[in-house]
Amino acid sequence: MTSEIVQKYFRIENLPHIWCPGCSNGVVTRALTMAIDELGLDQDNVVVVSGIGCSSRAPGYLDFNTLHTTHGRGLAFATGIKLANPKLDVILIAGDGDVSAIGGNHLIHAARRNIDITTIVFNNNIYGMTGGQYSPTTPTAAKGTTAPHGNIDKPFDIAQLAAAAGATYSSRTTAYHVNQMVKYFKDAISNKGFSMVEVASICPTYYGRKNKSGSGVQMMQALKNDFIDKMAYEKLPEEKKEGKHLMGVFKNITLPEYTAEYQRVIDALQGGENNE
Amino acid sequence: MSKKNIKLMQGNEACVEAALMAGMKFFAGYPITPSTELAELSAEKLPRIGGKFIQMEDEIAGIAAAIGGSIAGLKSMTATSGPGFSLKQENIGYAAIAEIPLVIVNVMRGGPSTGLPTSPAQGDVMQAKWGTHGDHAIIALSPQSVMETFDITIKAFNLAEKYRTPVIVLTDEVVGHMREKIEIPEPGDIEIFDRKVPGPGEDYLPYRLEEGDIVPKMAPFGAGYRYHITGLFHDETGFPSNSTDNADIMLKRMISKIEDNREDIVMYDEFMMEDAEYAIISYGSTARTVRNAVKTLREQGMKVGLFRPITIWPSAEKEIKAVGRQVKKIIVAEMNMGQYVQEIERIVKSDAEVFHLGRANGEVLMPIEVVQKAKEVF
Ligand SMILES: Cc1ncc(C[n+]2csc(CCOP(=O)(O)OP(=O)(O)O)c2C)c(N)n1
Ligand code: SF4
Ligand SMILES: [Mg+2]
């Protein structure tokens with residue numbers, strides 16, 4: 001029996017999805033629909049945009065206005081849609097490679113503008129779709145098909161990157177922490193400005209195999225064990241901090257939103273028209 | 001009462017004026033010489049009419065945002081030159097396969113690479129057709145004057161809307177920056193075409209071609225149709241399809257919607273061609289030089305005419321073929337090392353001998369050079 005949420009928000013006719021067994025993409029996508037449902041958004045008014053990658057296939061399964069674009073460019077397309085029609089609720093789904101490698105420039109600029117778009121990153125620390133090459137979030141020393149001797153790069157912290165670039169809401173959770181994920185999605189969508197939710201995810205097929213991380217279940221278990229709330233982390237004794245990753249809300253402030261500011265320009269010009 | 005609205009303006013300025021008259025409501029781009037005025041004027045004018053302008057972080061984002069604007073229902077434009085045109089290529093292909101109306105202005109400058117930033121060239125003619133990967137059809141128009149920039153920009157928006165396709169306005173540094181008097185038509189005197197949208201409550205499939213339509217109707221996002229757009233091959237539903245049969249049908253439809261409507265899309269101009277025994281084919285600002293040269297050659301008793309394609313892609317195949325049958329020899333004059341000449345050779349075949357006159361060092365061709373070349377080969 002498919003649940004009510006799935007019935008309402010998924011394009012059942014397009015299932016089964018292309019994702020591997022054990023992949024966390026389904027969990028995260030479903031959590032997004034739960035957040036949208038709890039917020040009571042009008043389905044016709046929701047636009048879900050993506051780039052290219054395994055995660056970026058999610059919009060095709062979702063019953064909204066959905067746009068699957070080019071690799072890394074989702075935020076630029078989304079910016080056009082949002083500016084053209086600010087009434088729309090615009091959400092971007094992106095992979096770590098999509099949003100922080102090829103699309104990194106668009107990410108920092110969308111964040112800087114504080115345009116009202118919610119970005120959800122499925123961060124599996126790898127290029128899933130192309131078969132396991134290292135991404136900008138692959139941990140140092142981890143393996144990928146293009147890092148067969150171990151990755152020497154230092155990884156990006158996407159949530160902090162977005163916060164530093166100007167996002168007014170930025171948080172990180174994991175695919176394991178479904179309740180928190182739904183809450184963060186709701187808060188992010190409700191924030192009038194650029195919002196980032198980075199979801200630590202898993203790719204058992206490539207990342208898992210290359211790094212001997214075990215099955216999907218074991219990798220989910222690792223998300224549970226390795227991620228710790230940033231407040232709780234502070235209280236941990238030094239020796240226990242090793243290997244822990246932070247989750248939580250990194251930024252939640254209010255600043256003028258881009259499309260609203262643009263509307264002010266329009267209003268000022270049009271109001272002043274009579275005096276010209 | 002009908003006092004003519006005569007204005008002195010630059011080609012780039014005329015382009016923006018025309019875009020606004022055609023219904024442009026959205027512009028996204030990134031500054032680059034010699035196209036920058038297009039962004040500056042759009043930034044100045046669009047918010048006054050409730051439209052939107054945004055300067056994006058690069059040209060890729062510029063075209064992506066413009067496509068987004070179009071998907072949200074606004075007539076959209078982006079503008080660039082040389083290096084920026086290269087950056088836009090991937091998303092030109094996206095707009096082609098997803099069938100998104102969009103106008104892309106490329107004010108051509110000398111290349112490759114940063115090349116000759118402030119000098120004219122016509123080196124992007126082949127790139128306009130084949131710059132993005134994969135098979136597709138494209139429309140590209142090239143004006144020779146400020147007035148024609150105005151007319152062509154209106155036509156570009158109309159064609160984009162009518163055929164759900166990206167349309168490239170291929171102008172150049174000379175036309176973009178020169179100032180000429182133009183007559184701005186009354187809004188009621190020009191034909192404006194708006195994309196067809198599905199009616200309320202219509203059983204809508206985003207890529208289904210209805211009887212009597214050239215392209216599928218296009219619903220703006222947010223209007224209640226909830227459909228999917230992708231750059232993957234897709235079927236009538238808009239969802240990806242791996243079927244080779246479907247890919248074949250779709251690709252052929254995408255190409256034929258343009259190739260089969262040449263009658264409507266192709267514009268050209270002829271000068272002293274009626275009794276010509278020799279033809280010079282030239283477009284954009286170079287055609288002005290050639291026109292001048294043709295007059296000189298006629299005065300000297302040579303039966304030379306000018307054939308000027310205004311629509312570069314799809315090419316005026318039928319008319320160029322006829323030129324080839326009419327004359328013995330053809331010179332193709334263009335500001336590049338030999339691009340459109342290849343298209344002319346392909347069409348004309350052995351009907352006439354084809355020569356090339358061109359260079360790409362930033363200097364425009366002079367009438368005397370055209371005259372000399374004509375005397376040499378004709
Ligand atoms: C311009 C361009 N470069 C490269 C690719 C190939 N490519 C497709 S998806 C991808 C990486 C996907 O990784 P990520 O964004 O992390 O998504 P995931 O598959 O892991 O969900 C790459 C490199 C492409 N489609 N387009
Ligand atoms: S390759 Fe990895 S990210 Fe892609 S579907 Fe499979 S498990 Fe998921
Ligand atoms: Mg990834």
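Values quoted throughout were computed directly from the atomic coordinates according to the rules given, and no laboratory measurement underlies them. The shown structure was predicted, so the numbers you read here are calculated from the model rather than taken from an experiment. With ideal geometry, Cβ positions are generated from the backbone for all residues, glycine too; neighbour counts draw on all protein chains shown.
General remarks:
- Estimated from helical segments only, the mean residue ellipticity of the protein assembly as shown at 222 nm is -11000 deg cm²/dmol, where each DSSP H run of four or more residues counts as -39500 (n - 2.57).
- For the pair B:Val377 and A:Ile18, label points projected 7 Å from Cα toward Cβ lie 4.9 nm apart.
- Computed about its Cα centre, the charge dipole of segment A:4-275 is approximately 740 debye, with only Lys, Arg, Asp and Glu carrying charge at their Cβ.
- Residues whose amide H comes within less than 5 Å of that of A:Lys251, counting only those at least five positions distant or on another chain, are A:Ser170 (H built at 1.01 Å from N in the peptide plane).
- Of the GluC sites (Glu not before Pro) in segment B:180-254, those whose Cβ has at most 15 other Cβ within 10 Å and which sit in DSSP loop: B:Glu191, B:Glu202, B:Glu210, B:Glu211, B:Glu236
- For the protein assembly as shown, the residue among B:Leu20, B:Gly358, A:Tyr258 whose Cα projects farthest onto the positive side of the dipole built from Cβ charges is A:Tyr258.
- Each Lys and Arg adds +1 at its Cβ and each Asp and Glu adds -1 at its Cβ; summed about the Cα centre, segment B:3-189 shows a dipole of about 400 debye.
- Unit charges on C-beta of K, R, D, E only; dipole of the protein assembly as shown, Debye: 1220
- Computed from backbone phi, the HN-Hα couplings of segment A:207-222 come to 4, x, 5, 5, 10, 6, 8, x, 6, x, 4, 5, 5, 5, 4, 5 Hz, rounded to whole numbers (Karplus: 6.51 cos²θ - 1.76 cosθ + 1.60, θ = phi - 60°; Gly and Pro given as x).
- Residue order, fewest to most surrounding Cβ atoms within 10 angstrom, among A:His17, A:His68: A:His17, A:His68
- Alpha carbon centroid spacing (whole Å) that separates segment A:202-276 from segment B:312-344: 57
- Counted residue by residue at 0.36 nm each, then reduced by the alpha carbon distance between them, the extension gain from B:Glu353 to B:Lys318 reaches 10.9 nm.
- Per-residue 3J(HN,Hα) values for segment A:178-185, derived from phi via the Karplus relation 6.51 cos²θ - 1.76 cosθ + 1.60 with θ = phi - 60°, read 4, 4, 5, 4, 4, 4, 4, 4 Hz in sequence order (x marks Gly and Pro).
- For the residue pairs A:Lys87/B:Lys217; A:Lys8/B:Lys25; B:Lys129/B:Lys375, alpha carbon separations beyond 28 Å are given by A:Lys8/B:Lys25; B:Lys129/B:Lys375.
- Segment A:4-275: Rg to Rh, with Rh as the Kirkwood radius over Cα pairs: 0.99
- With a simple spin-label model that places each label point 7 Å from the Cα along the Cα-to-Cβ direction, the separation between A:Ala141 and B:Glu202 comes to 6.1 nm.
- Taking a point 7 Å from the Cα of A:Ile253 along the Cα-to-Cβ direction, the residues of segment A:154-176 with backbone N closer than 12 Å to it are A:163-170.
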